[in-house]
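In what follows, a structure is listed as structure tokens, so that the remarks can point back to it.
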Amino acid sequence: MMRLPDPRLPWPIPAAAVALIAEAEQGPLGGMARKAYKCPAGKWTIGWGETDGVSPGDVIDDARGDRMLCDDLKQRCAAVQALCKVPANPNELGALVSLAYNIGLGALGRSTVLRCHNAGDAASAARAFGLWNQYRNPKTGQDR
């Protein structure tokens with residue numbers, strides 16, 4: 001069973017959302033990546049999908065990886081809340097922060113997901129998450 005991030009940390013979104021992010025952001029060996037690696041999109045990555053300031057050869061322990069994720073999610077949570085014209089309930093916020101973690105705040109701000117959420121159309125916002133199921137391979141330029 002995969003080790004999940006430390007539940008004692010002050011997570012800004014529900015634990016279920018943190019677990020989903022951790023499950024989606026596993027390293028190449030499963031679980032948290034203690035050593036930097038290049039993700040399929042060609043970015044140096046460590047921990048639970050962290051890419052900012054990561055260099056080849058970087059190494060972290062579990063506690064540092066969990067704190068990095070918690071700090072990152074706090075910043076993204078505040079930024080996502082600023083983008084929301086309609087307040088998000090905790091589960092909606094967790095979903096929006098998870099998407100922002102994956103695609104970035106700029107893309108979230110331009111997304112159909114956020115546009116539908118801000119229009120108060122939760123069902124359409126939920127369906128729009130399905131539009132985000134690809135990435136562009138930096139070597140080929142093709143969507144995958």
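The values are calculated or read from the model by the stated rules, or taken from the named source; none is laboratory data. As the structure is a computational prediction, the values presented were derived from the model and not from experiment. Cβ sites come from the backbone with ideal geometry, for glycine too, and all protein chains shown count toward neighbours. The protein model used for the area step is the full one, side chains on, heavy atoms only, and it has no ligands, DNA or RNA in it. Shrake-Rupley method; radii C 1.70, N 1.55, O 1.52, S 1.80 Å.
The condition of being open to solvent by less than 60 Å² (accessible area, probe 1.4 Å) and within 24 Å of PRO5 (Cβ to Cβ) holds for LEU99.
Checking the stated criteria, ALA82 turns out to be closer than 15 Å to ASN118 by Cα, at pLDDT 95 or above and open to solvent by 20 Å² or more (accessible area, probe 1.4 Å).
Hey, can you tell me all the residues within segment 103-136 that are among the charged types (D, E, K, R) and more than 20 Å from GLN75 (Cα to Cα)?
Residues of segment 103-136 among the charged types (D, E, K, R): 110, 115, 121, 127, 136.
The answer is ARG115, ASP121, ARG127, ARG136.
Scanning segment 22-43 for residues that are within 18 Å of MET2 (Cβ to Cβ), open to solvent by 90 Å² or more (accessible area, probe 1.4 Å) and not in a helix (DSSP H, G or I) yields a count of 4.
Taking the criterion of being over 16 Å from ARG76 (Cβ atoms), of a type outside the set (A, V, I, L, M, F, W, C) and in contact (Cβ under 8 Å) with a residue 40 or more places away in the chain, the residues of segment 7-54 that qualify are PRO40, GLY42. If you go through segment 42-59 and pick out every residue that is farther than 17 Å from ILE21 by Cα and of a type outside the set (Lys, Arg), you end up with 9. Evaluation of ILE46 against the conditions (1) hydrophobic (A, V, I, L, M, F, W, C); (2) part of a strand (DSSP E or B); (3) surrounded by fewer than 21 Cβ atoms within 10 Å (Cβ to Cβ) shows that the sole unmet condition is (3). Might you check whether a residue that is touching a residue at least 60 places away in the same chain (Cβ under 8 Å), farther than 15 Å from PRO14 by Cα and either part of a loop (DSSP other than H, G, I, E, B) or open to solvent by 50 Å² or more (accessible area, probe 1.4 Å) (or both) occurs anywhere in segment 86-96? No, segment 86-96 contains no residue that is touching a residue at least 60 places away in the same chain (Cβ under 8 Å), farther than 15 Å from PRO14 by Cα and either part of a loop (DSSP other than H, G, I, E, B) or open to solvent by 50 Å² or more (accessible area, probe 1.4 Å) (or both). Which residues, taken from segment 68-96, are touching a strand residue (DSSP E or B) at 6+ places or on another chain (Cβ under 9 Å) and closer than 15 Å to LEU4 by Cα? Matches in segment 68-96: MET68, LEU69.
Cβ-Cβ contacts under 6 Å between residues 6 or more apart (or on different chains), taken from a first residue in segment 108-130 that is over 17 Å from GLN81 (Cβ atoms) and of a type in the set (Gly, Ala, Ser) to a second residue that is in a helix (DSSP H, G or I) and open to solvent by less than 40 Å² (accessible area, probe 1.4 Å), are listed as SER124/CYS116; ALA128/VAL113; ALA128/CYS116.
Of everything in segment 55-75 that's part of a loop (DSSP other than H, G, I, E, B) and touching a residue at least 24 places away in the same chain (Cβ under 8 Å), which residue is surrounded by the fewest Cβ atoms within 10 Å (Cβ to Cβ)? Lay out the reasoning, then the answer.
Step one: filter segment 55-75 for residues part of a loop (DSSP other than H, G, I, E, B), giving 55-58, 60-61.
In the following step, the residues that additionally are touching a residue at least 24 places away in the same chain (Cβ under 8 Å) were identified as 60-61.
Values: ILE60: 19, ASP61: 11.
Per the stated criteria, the residue is ASP61.
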